[in-house]
Structures are given as structure tokens and as C-alpha cells.
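The values are calculated or read from the model by the stated rules, or taken from the named source; none is laboratory data. Every value quoted in this text rests on a predicted model; they were computed, and no experiment measured them. Counting neighbours? That spans all protein chains shown, and the Cβs are built from the backbone with ideal geometry, glycine included.
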Amino acid sequence: MLGAGICGLTAGLLLRRDGHEVTILERDDAPTPHSPTEAWERWNRAGVTQFRQPHYLQSGGRIALEEELPDVLASLEAAGALRFDALRLMPPSIADRSAREDDERFKTVTARRAMLEQVLARAADAEPGLEVRRDVSARELMARTANGIPHVIGARTDSGEQLEADLVVDAMGRRSQLPRWLEAVGAQPVDEQVEDAGFIYYTRYFRSRSGALPQFRAGLLTPVGTFSVLTIPCDDDMWSVTLIISAGDHPLKRLRHPESWTALVAACPQQAHWLDGDPVTGVLPMSGLVDRHRRFVVDGVPVATGVAAVGDACACTNPTNGRGMSLGLMHVRHLRDVIRAHLGDPREFAEVWDAVTETELTPWYRENLEEDRDRMRVMQALREGRKPEVPRGSSAALRQALFAAFPHDPDVFRAFLASRACLTPLRDTLAEPGMAEHVLRLAGERDNPPRLGPDRSQVLRLLDALPMAA
């Protein structure tokens, strides 16, 4: 196993408990902290760019943990992870607030990434037969050729140590170099699609003064003209607030300064009260994110056998919708199942793993990518003073109608929430008989939605009125 992040640790635990001997290599050298507090304050995870950025465990990820690693979920809750019911986000404009039979599916637990990883790491460290080797970097793969296709038989570390394995699992996340390593052992190029996501994040964390979370007056994510606001509940009476802009929006890069950042959040009526806590960080920036999809079977032929990529190493997107961690947990669960049935036949394993990934992970990637493109198109138009136009023949019109309809209908709201929660892709829900027509009818009955915050000119005037930071 390469990488001891969320996916790597979860995969290690599932595979070990399924009877496999598992070794996880992690290049970061810091040992597992003793507590979530120590993890947040002092754990150096240089290999995880987003380690202290907002994370949210969608209920699809919670269900995977609850069914496969209930002890880990219990440890998270014991450590202070927050029980959260996403139905709390139901807008007041929905009159029918009666419960549905399957509403339990929307419940989750949420915590900062540092706590989630620390709890998983402690469980992995205590698991007999599971070895986590920190400060050990894989340098290259070892392989032999079988029927013209490289078959990976292990990895070689930076120190030259050779570790043989029946299967090498790439859980190295967004920075994975697996395609390059495969080509070095003679594999054909991976089918890789890369697109600059084009977003910048500016995040601050707050701690409650009363022990209570701020009231939700909007969803977790609210698009407001040329920026978006993301509010995430955390553990330890904490929450995060993030402003998201386009990387090409140079005037809004002033949001890296606390004064500008605070002024803009305060100008958003649905989120201003999220400032009513004690700030525990400055403004934490993050940029340079890409949307990337890798497929390791090309024209029906695996580029290599004996290797499998999971989570972000296979498909990663702009994390605005908070799906990455949950989809990774779900993907790892499928990996365990495919290993159970097909590990003995490397070619069959590679083909089945590709098919499962294309069915269970890739649709979520495509959905997120399409939504990101829609949002970037709108932001670009508003920056240029144009009215955003929906491309003809695209799925954007139906998504736009959904966003207009869900605040007014309990079933459409649940359909939207199920997509956000990694339970049912939107395309599947909207393909149900009558659903698309119902959404379009509801959207057509609504006036233009109210403005959720300052428009472009108001934002620029607000920022221009502030003293220039040094």
C-alpha cells in the first residue's frame, strides 16, 4: 500500500481484516499523534496539501465506515466528532417537513481532517498484521512482463529496499506519480484527462463561545455571484468558513488578508453570523487544484497488472462539494470486494477493477466536473459584466432548474441532498420517470431567486474601501 492517508489507512484495515498481510508506506516522517488536538496543532503532513483545509464526511462515507469499520466510527465519536443531520439544511421555504422512512441515510459525523486521519492511524497502528512504515518513500515499481503486459510485483524504496507484493495499491492521492512509474517499467500510457479546476480557497476556522454551532440559514455551499461561501461544522465546537474564487480573479485575491476576508463574509446575510466565534487560524489559502481522471485499461487492455489506484489517485476533483473523502472510502470498499473475488487472476482483476471503477466512481467525477465548469462559466461571465448563458443542449439547464426547485419541494430537496451526500448521482435521480419534468415545472413557477450577497460591483467597492494590506 502506497500512502497512509484516509484511503490508504482504510484500505489497509479492510484488507488486513479480510486476511491479507498489509504494509503501508508513507513518505511523511511524523509518527501518529496521541490525540486529535496534537494532530491539529503539530502533525506535519507535508504530503497532504489540503490537510488543514475543510473536510466533510458525506453520509455515503459515514455509511461505509459504519458498515465496515464500526470501531473506527465509534472512536471518532468518542474523540468528539460531531453528529450532523444534513436535513437540518432544509430551507424554511419547504412547508412539508414531515419525516421520510429513509431519512436516516442523511446523517453523518463530521470533524477536521486531522482528527479523522489521527483516529484512523491509531486504529491501523494497533491492528495486528498491519504495518505502517512512515518516513519510507517508494521510488519505483518492480515488474516483470507477462503476455506483453507489465505485471507489478512490488515496489523499491528510496533506500533501495525491495518489497514484493501480490498487489500494489496506489493511495497516494492527488500527487500520485503512478502513470510515470508504470511507463518506466514498460507500460503503455494511462488514459489520463487533466483540467485545471481554476479555484482558490481562503479558509478560516472558528471556535464557538457558547458550545453551539451557528444556525444554518443556507446550505453548506452557497454560490454568490463571482465567489462562493462554504460553511463546514467540525469537532471540538469548531467550524470553518471558506471563500472560493476563480484563480483568474485578481481583485478578489485580496481575500487572503483577514480584513478583506472578514468584510466580505460580513456582507453575506446568510453567513455573516458564522463570524460570531473566536478565530483560531488566520486565512489559509489553497490553490493549484486540478480535475483529473485516470483509466488504467486502454482499448480494453490493462496497461499493467498487479496494481490498483484508489480514490484521488484514480479520480480527483475540485473539493467544493466535499465528496472526495467519502468517495474514496466507498471506492476502497469496492476494492476489498474485487480483491476477494479476483486477486488470483491478475488480468481478470485489472479488468474487473476498471469496470467497477467506471461504474461506481467515474460518474461522480463526471458530475462534479460538469458542475465545476458551469460554476466557472457563470463566474467568468459576471466578472466580465455579461449575463451568464446556459449552453444549448447541455445538462446545465436541468441542473440550474434543480437548484431553483429544491428549496421549494421536500422530495426534490432530498434528491439534491442524496447527490451531495454520495448516495445517488443526480443523473440517476433525474432519469426517474417524471422527475426532470417535475423539476422544470417547479423552476418555471419561481421568480428570479433572491440575491444571496453583494453583487460584483458591491464586492469591489467593499474591498476598495478597505486599507491596503502591507
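Output the residue which, of all residues in segment 319-365 that are surrounded by 17 or more Cβ atoms within 10 Å (Cβ to Cβ) and basic (Lys, Arg), is farthest from residue 195 (Cα to Cα).
Here the answer is 336.
Name the pairs whose Cβ atoms lie under 8 Å apart, with the first residue in segment 331-349 and assigned by TED's automatic domain parsing to the domain that holds residue 13 and touching a residue at least 60 places away in the same chain (Cβ under 8 Å), the second part of a helix (DSSP H, G or I) and among the hydroxyl-bearing types (Ser, Thr, Tyr), and 6 or more positions between them or separate chains?
So the pair list comes out as 331/357; 332/10.
Tell me, yes or no, whether segment 318-329 has at least one residue that is in the same structural domain as residue 191 (by TED's automatic domain parsing) and in contact with a His (Cβ under 8 Å, 6 or more places away or on another chain).
The answer is yes, given that some residue of segment 318-329 is in the same structural domain as residue 191 (by TED's automatic domain parsing) and in contact with a His (Cβ under 8 Å, 6 or more places away or on another chain).
Anything in segment 137-153 that is surrounded by fewer than 18 Cβ atoms within 10 Å (Cβ to Cβ) and closer than 11 Å to residue 25 by Cβ? List them, or say none.
137, 139
Six or more apart or on different chains, Cβ atoms under 8 Å: show the pairs whose first residue is in segment 281-302 and over 19 Å from residue 365 (Cα atoms) and touching a residue at least 24 places away in the same chain (Cβ under 8 Å) and whose second is surrounded by fewer than 18 Cβ atoms within 10 Å (Cβ to Cβ) and β-branched (Val, Ile, Thr).
286/49
State which residue pairs qualify: first residue among the charged types (D, E, K, R) and inside segment 34-53, second residue assigned to a loop (DSSP other than H, G, I, E, B) in any location, beta carbons under 6 Å apart, and separation of 6 or more residues or different chains.
Close Cβ pairs (under 6 Å, with a partner that is assigned to a loop (DSSP other than H, G, I, E, B)) amount to 45/28; 45/51.
Filtering segment 20-72 down to residues that are assigned to a helix (DSSP H, G or I) and among the polar types (S, T, N, Q), which residue is farthest from residue 156 (Cα to Cα)?
If we take residues in segment 20-72 being assigned to a helix (DSSP H, G or I) and among the polar types (S, T, N, Q), then 59 is farthest from residue 156 (Cα to Cα).
Counting only residues that are touching a Phe, Trp or Tyr at 6+ places or on another chain (Cβ under 7 Å) and not β-branched (Val, Ile, Thr), which one in segment 222-244 is nearest to residue 207 (Cα to Cα)?
238
Do any strands (runs of 3 or more DSSP E) entirely within segment 180-249 hold 1 or more residues that are without any contact (Cβ under 8 Å) to a residue 40 or more places away in the chain, and if so, which?
Answer list for segment 180-249: 238-246.
Looking at segment 445-455, can you tell me whether even one residue there is part of a helix (DSSP H, G or I) and either among the hydroxyl-bearing types (Ser, Thr, Tyr) or at negative phi (or both)?
No, segment 445-455 has no match at all.
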